[in-house]
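S.K.: Starting off with a structure, shown below.
The values are calculated or read from the model by the stated rules, or taken from the named source; none is laboratory data. Computed from a predicted model, the values in this text were never measured in an experiment. Here the Cβ is made from the backbone with ideal geometry for all residues, glycine too, and neighbour counts use every protein chain on show.
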Amino acid sequence: PVERTLSIIKPDAVAKNIIGKIYSRFEDNGLKIIAARMLHLSQADAEGFYAVHRSRPFFNDLVKFMISGPVVVQVLEGEDAIKKNRDLMGATDPKKAEKGTIRADFADSIDANAVHGSDAIETAAVEIAYFFPSLNIYSR
Ligand code: CMP
């Protein structure tokens, strides 16, 4: 099915000047960028976005990292977009990511791991609405 997923290019990748390289991975693999914005997250933005991880031991470091510089947030649309984006990103820990994935090629550590992507239909809808409240996520 055609799906939408929320993608974030994290502060490490923006600082490395590889926004375009990451966008090419999406575009070359059938994912269309249908909404995009660059922003510097506040602490409240980052804590709200990652609220599901609030009780995890890595939460504070994750939030600190995500507010360390600007990010680029986009909605990707395409056939099986959620899984396709996750396959393109590779494993969360870049040391475990398969060769040729975004994280294997560009990421430095489990926090500075270049990109975020929604993990399921339900979280994609919540995450898209978090950054693009005016986007009608129910339409096709
Ligand atoms: P992301 O897909 O943005 O979702 C949560 C983030 O937490 C994850 O990518 C990692 O960057 C970060 N993180 C740090 N430590 C861990 C961990 N042990 N397990 C999962 N995510 C982690």
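S.K.: Which of the residues spanning region 95-127 are assigned to a helix (DSSP H, G or I) and crowded, with 21+ Cβ neighbours inside 10 Å?
M.R.: Correct list: Ile102, Arg103, Phe106, Ala124, Glu127.
S.K.: Just checking, does region 90-105 include any residue being within 16 Å of Lys32 (Cβ to Cβ) and in contact (Cβ under 8 Å) with a residue 12 or more places away in the chain?
M.R.: No - not one qualifying residue is present in region 90-105.
S.K.: Hey, any hits in region 57-80 for a residue that's farther than 18 Å from Val14 by Cα, within 9 Å of the ligand (Cβ to nearest atom) and in a helix (DSSP H, G or I)?
M.R.: Scanning region 57-80 turns up at least one residue that is farther than 18 Å from Val14 by Cα, within 9 Å of the ligand (Cβ to nearest atom) and in a helix (DSSP H, G or I).
S.K.: Any residue in region 114-138 that is charged (D, E, K, R) sitting within a Cβ distance under 6 Å of a residue that is crowded, with 16+ Cβ neighbours inside 10 Å and modelled with pLDDT of 95 or more? List the pairs, counting only those 6 or more apart or interchain.
M.R.: Pairs that qualify, where the first residue is charged (D, E, K, R) and the partner is crowded, with 16+ Cβ neighbours inside 10 Å and modelled with pLDDT of 95 or more, are Glu127/Leu6; Glu127/Ser118.
S.K.: Something else about it: Residue by residue through region 1-33, note down the ones that are of a type in the set (A, V, I, L, M, F, W, C) and free of Cβ contacts under 8 Å to residues at least 60 places away in the same chain.
M.R.: Once the filter is applied, which keeps residues that are of a type in the set (A, V, I, L, M, F, W, C) and free of Cβ contacts under 8 Å to residues at least 60 places away in the same chain, region 1-33 yields Val14, Ala15, Ile19, Leu31, Ile33.
S.K.: Among the residues in region 31-47, are any within 13 Å of the ligand (Cβ to nearest atom), buried (at least 21 other Cβ atoms within 10 Å of the Cβ) and outside any strand (DSSP E or B)?
M.R.: Yes, region 31-47 contains a residue that is within 13 Å of the ligand (Cβ to nearest atom), buried (at least 21 other Cβ atoms within 10 Å of the Cβ) and outside any strand (DSSP E or B).
S.K.: Pairs please, first residue from region 50-61 and under 18 Å from Val115 (Cβ atoms) and modelled with pLDDT of 95 or more, second anywhere and among the charged types (D, E, K, R) and near the ligand (Cβ under 9 Å from one of its atoms), Cβ atoms under 6 Å, 6+ apart in sequence or on different chains.
M.R.: Listed by first residue and then by second, the contacts come to Asp61/Asp111.
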